[in-house]
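This report concerns only the one structure given below.
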Amino acid sequence: MPDRPDATPRSAPDEAIRLRPGLEALPAYVAGKPAAQDGTLRYKISSNESPFPPLATVRDAVVDSLEGVHRYPDAAAYALREALGLEHGVDPSQIALSTGSVAVSGDLVRALVADGDEVVYAWRSFEAYPIVVGSHGGVAVPVPLTETFEHDLEAMAAAITERTRLVILCTPNNPTGPSLSTEQVEDFLARVPEHVVVAIDEAYREFHDPATVLGTTGIFRRHGNVVLLRTFSKLQGLAGLRIGYAVAHPRLARALGQVTVPFGASVPAQAAALASLDEGVREELGRRAEWIRSERSRVLAALGAQGWSLPVSQGNFVYFPLGAESAEFVAFAEERGLVLRGYGADGVRATIAEQEASDLLIEIARQWRER
Ligand SMILES: Cc1ncc(COP(=O)(O)O)c(C=O)c1O
């Protein structure tokens, strides 16, 4: 018989280990709550996930790849990096992959930040930033958003010191929605010392109005300190497989390869990502993005007609800046079948997902105003 642990151990040994100082003070990542399984029809629109299931060719690629999962993944991820290199007009060696772009941002911090070095980002923004910075010994320098929930680039430039190693721009900004223009980013970059890396996190790029989307390729070509962060979790719908990447200049790309977890991008994740780059799949994903954009306009217009004044959103989500009432609104929505994402006393984010969920959001928002 194998030596199995008791299912209910009566006593646990003392755990006198010494954790890294500062770790306990870090916020824990709050994932979107799952919908309760209590018989009420609930939509979980709290994690900015795609409402669409995987496309058949992507699912087939994943299933086929399972034949090979007794082997480690191709650590060089040759086929995927070559395809991504072509897409971004860079050498495949400039593509740094990992288990989601959140992991790549951790790699960036590990590659750039020594104890006490600073990382500047806007706040509120993606809630993983303070965690990835703090857990790797960096000092987080959050710079408050403007009154219109946009990056305050003036204040961010002013927050850069001798100790700054990394600045993160999140565009469109999660959770508030506004994005940065090419001109704004260029003006900002002109004020950033060339040894400070500027990461542009575009997890929601595909949901942006294509006419005004950031000129990322040109920005990357013009600036040796810019690195791009991309994910397959949002429009491509591969959140559960965990794969994202950076497009980096050669020295940084090499450094990212040094610090990243070996074999991070799994066999099925690589297969799914590669299949997502297929021309036919891209066309369908493009249609999905278009649908999300038109749903977003519909939701914002309906809420506007009710008297709400929400920030402009270029992501697959909308943001209710409810301040101290945020938690109450989250509970109000949950009682009525919608799981939203609350951010303390700042606001509440709702993902644009199934049409029925958006209809319910509009109805709940109406009831809230009339309560
Ligand atoms: C701004 C931003 N960056 C990165 C990510 C993480 O993406 P991934 O699933 O690739 O780790 C998210 C996910 O919510 C996000 O909102």
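The values are calculated or read from the model by the stated rules, or taken from the named source; none is laboratory data. Given the structure is predicted, the values throughout are model-derived calculations rather than measurements. Glycine also receives a Cβ, built like all others from the backbone with ideal geometry; neighbour counts cover every protein chain displayed. Keep in mind that these areas ignore ligands, DNA and RNA; they rest on the heavy atoms of the full protein, side chains included. Shrake-Rupley method; radii C 1.70, N 1.55, O 1.52, S 1.80 Å.
What's the local net charge at residue 287, with K and R +1, D and E -1, over the other residues with C-beta under 13 Å away?
With Lys, Arg at +1 and Asp, Glu at -1, the neighbours total -2.
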Radius ratio Rg over Rh of the range 108-186, counting only Cα atoms, Kirkwood formula for Rh: 0.96
- request: Within the set of other residues whose C-beta is less than 14 Å from the C-beta of residue 142, count the net charge using Lys and Arg as +1 and Asp and Glu as -1.
  value: -3
Local electrostatic count, residue 299, Cβ distance below 13 Å [Lys/Arg +1, Asp/Glu -1]: 0
- request: Whenever you get a sec, compute what percent of the accessible area on the chain sits on carbon and sulfur atoms (1.4 Å probe).
  value: 53
- prompt: Counting only protein chains, not ligands or nucleic acids, how are 278, 64, 107 ordered by accessible area (probe 1.4 Å), most first?
  reply: 64, 278, 107
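Mind pulling the per residue volume of the convex hull built on the Cα atoms of the chain? Å³ is fine.
185
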field: Heavy-atom surface of the range 206-259, accessible at 1.4 Å and reported per residue (Å²)
entry: 41
- line: Taking placed amide H atoms and a strict 5 Å upper bound, the residues 5 or more places from residue 352 or on another chain that come that close are 317, 318
